[in-house]
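Below you'll find the structure, written out as structure tokens, and then a few comments.
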Amino acid sequence: MSNEKLNTEAKAPIGKLIKEQFLQSKISIEEFAGLIGCNKDNAYDIFRREHINTDQLLKISKILNFDFFKIYSELINNEMTMQVHITVNIPKKEMEKGNICEYCERGKNREERKNMEK
């Protein structure tokens, strides 16, 4: 699942996500309601919810054969993993020499020495 799609899905109310999966299934609203233990009106109410009990979400996940929890667990994992992009200004003469890694190492060592002197 792409990060963009994941972020979009995670921000959508859970009821909307459940409704999307329900519409893709071949289950009637009556059958769906019966499987989750409610009447048809309450089943439609689930599609309008912003929050849902985890036990009920687990039951719905099994009925619709879709892991709604994965949307949120992947979002958590993505937020815990940071991507760091570093920009290094390397003088043209160093680039021409092909000493990019060596230049970066010298700069790193210089920074380490400065930190040790503090």
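Of all the listed residues (GLU79, GLU50, GLU9, GLU31), the sole one being modelled with pLDDT of 95 or more and at negative phi is GLU31. If you go through segment 9-41 and keep only what is farther than 12 Å from ILE71 by Cβ and among the polar types (S, T, N, Q), you end up with GLN24, SER25, SER28, ASN39.
The values are calculated or read from the model by the stated rules, or taken from the named source; none is laboratory data. What you see is a predicted model, and the numbers here were worked out from it, not measured in a lab. With ideal geometry, Cβ positions are generated from the backbone for all residues, glycine too; neighbour counts draw on all protein chains shown.
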